[in-house]
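A short reminder: the numbers here are calculations on the coordinates, not readings from a lab. Since we're looking at a predicted model, the values are computed, not measured. Cβ placement follows ideal geometry from the backbone for every residue including glycine, while neighbour counts extend to all protein chains displayed.
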Amino acid sequence: MSKYYRGVRVIEEGSDRPAPVDGTAGMQVVFGTAPVNLAAEPVAAVNAPVLCRSMEEAQEKLGYSEDYEKYTLCQSMYASFEASPVSPVVFVNVLNPAKHKKDNAEKEYAVINRQAKVEDVDGILKSSVVVKMEETTLAVDTDYLLSFDDAGKLVVTLISEQTAEAATVKITSTSIDPSAVTKEDLIGGYDAGTGKESGLEVLRQVYPRTGIPAALILAPGWSHIPEVAAVMMTKCEGVNGVFSAECLLDLDTAETALYTDVPQAKEDSGYQNEHAVVLWPMVEAEGKKIYLSAMYGAMASNLDASNDNVPSLYPSNRLLSVDKAVLADGTEVFMDREQANTLVGAGVVTLINEQGWRAWGNNTSAYPEVTDPKDRWIACRRMFTWMANRLITTYNEKVDSPANYRLIESICDAENIALNSYVAAGKLAGGRVEFNEEENRVENILTGQVVFRIYIAAFTPAEDIVFILKYDPALLEQALTGGEA
């Protein structure tokens, strides 16, 4: 019988989060660890690309914890769904409950109001829980229910008649162990025996599973390890054999505490690549320490989505939703513009506090060794990457069409229209497509190859705006004489 209501009732709901801006031009693919014991299907959240469009979806599919040091993916969940709301985001969790786990000894817990709370153990896997009343093993969903409270602690609720008078229960369980995850798990690989991929190798699955190429590759909490960063940089080109992406790399603030040591640390770590953006130091937001790559990645992705889904704007001198710049030990970092420019000149992106904390720096990690505008400037590099990926996804449907002039004209016309629209909108300085007959001789056409040349010019940043201020005595004379000669 349904419950009978009469009178006035009030039901409270949680406060609304800001709606994420939708955009794929800067789609983040984030690698790390998540509290998958809290997920609806923990096994499904291991070494697989999980696309999420909201914090609620991320919590359901991966779990969420504010222990960002243990569960590094949660840094990007916070950054992308609360600090700089943007979607979608792809998360790849490498914490495997079948491998990274620890057993918890049997322990007795008090039952209060028919509930026993396991407050001294974290990361419990529901499937591993055994509950006993004295020496009798109880049945889940018959004698008791399992749930987690807001802090991620296991709650056992007794529901059967035989447990009505229970004062205590004995609980045995197994927990996930994030401390057992290593850099090798992040790097991952391909298992020829099972045909399964793990770690950064899962990047290959992102486009086949989601239909969206990766734009930004992140691993906050791990990318400061040179071995992990080296693999991330190699993954930026030839994704699925054709796509490209950029990666965001943190420098280790535990090892590099002084800004003057940052340029050498970057060089020693081997962080020199046109597809990489190097960041230092860490940040703090709402009392939580977060790697700068997580906050920067969310901000850049949000900026792209708000810019008609085109990455033509520079994610520098943009406000970040952070409270402090810090080192790994919590020490605050304060740099003025001159000090910050020392890092920028070494190809490192940092942040300064000028009317709010702002990202600061436009150079990829290839600078200063590389000065080609295409590979030096972050937005130029990202525009070339985005343009290449756009061409592949847009014209893939033309593959295997007859190589006749109708095909050639249709591609040239369509692309010139697209390029002209980007120029008119201020996304590009210029662009055109050409079909060169010398590159498309009959012998080449016979092999099935058709070549088009795309010329684009992305805008460089106005980094150095100079005003020349000069004293003019004539203006003083004019003021003193009332304007008379």
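Close amide-amide hydrogen proximity is noted between Ile217 and Val29, Glu246, Cys247, Leu248, each under 5 Å apart and 5 or more residues distant or on a separate chain (H modeled in the peptide plane; Pro and chain starts excluded).
Computed on the Cα atoms alone, the convex hull of the range 196-318 gives a volume of 138 cubic angstrom per residue. Eigenvalues of the alpha-carbon gyration tensor of the range 71-213, scaled by 5 and square-rooted, set the equivalent ellipsoid semi-axes at 37, 19, 14 angstrom, largest first. Computed 3J(HN,Hα) for the range 460-473, one whole-Hz value per residue from the Karplus formula 6.51 cos²θ - 1.76 cosθ + 1.60 where θ = phi - 60°, is 7, x, 7, 6, 10, 8, 10, 10, 9, 9, 9, 7, 10, x, glycine and proline marked x.
The H on the amide N of Leu279, modeled in the peptide plane, is under 5 Å from the matching H of Leu249, Asp250, Leu251, Val349, each at least 5 residues off or on a different chain. When Rg and the Kirkwood Rh are both derived from Cα coordinates, the Rg/Rh ratio for the range 1-151 amounts to 1.05. Take the cross-link list Lys99/Lys196; Lys101/Lys289; Lys235/Lys324 and give me the ones stretching past 20 Å between alpha-carbons. Check vs 20 Å cut-off fails for Lys101/Lys289; Lys235/Lys324. What's the center-to-center distance, using Cα atoms, between the range 306-328 and the range 133-192 in Å? Measuring centre to centre over Cα atoms gives 40 Å.
In summary, the lysines within cross-link reach of Lys102, defined as a Cα separation below 21 angstrom excluding same-chain residues under 8 places away, comprise Lys70, Lys117, Lys126, Lys132, Lys153, Lys170, Lys183. Contact order for the range 400-485, expressed relative to its length and based on alpha carbon pairs under 8 Å spaced 6+ residues apart, stands at 23 percent. For the range 198-203, the Karplus equation 6.51 cos²θ - 1.76 cosθ + 1.60, evaluated at θ = phi - 60°, returns couplings of 9, x, 5, 5, 5, 3 Hz by residue, with Gly and Pro reported as x.
Both the radius of gyration and Dmax for the range 174-246 are 13.2, 43 Å, in that order, over alpha-carbon atoms. Normalised size of the range 400-485, defined as Cα radius of gyration per 2.2 N^0.38 Å with N residues, equals 2.27.
Based on alpha carbons, the Rg and Dmax found for the range 101-176 are 11.3, 34 Å. What the Cα convex hull of the chain gives, in volume per residue, is 287 Å³.
Here's how it looks for Ile159: its modeled amide H is under 5 Å from those of Tyr144, Leu145, which are all 5 or more places away or on a different chain. Loop exposure criterion: GluC sites (Glu not before Pro), DSSP state outside H, G, I, E and B, at most 16 other Cβ atoms within 10 Å. Applied to the chain, the longest stretch between such sites is 370-462. Panel note: the C-alpha atoms of the range 313-384, placed on their principal axes, show extents of 36, 23, 21 Å (largest first).
Each Cα pair under 8 Å and six or more residues apart adds its sequence gap; the mean of these over the residue count of the chain is a relative contact order of 13 percent. Scalar couplings 3J(HN,Hα) for the range 88-105, obtained by applying the Karplus form with A = 6.51, B = -1.76, C = 1.60 to θ = phi - 60°, are x, 10, 9, 10, 10, 8, 9, 7, 9, x, 6, 10, 9, 8, 8, 8, 10, 5 Hz; x denotes Gly and Pro. Our compactness index for the range 259-391, the C-alpha radius of gyration over the empirical 2.2 N^0.38 Å, is 1.03.
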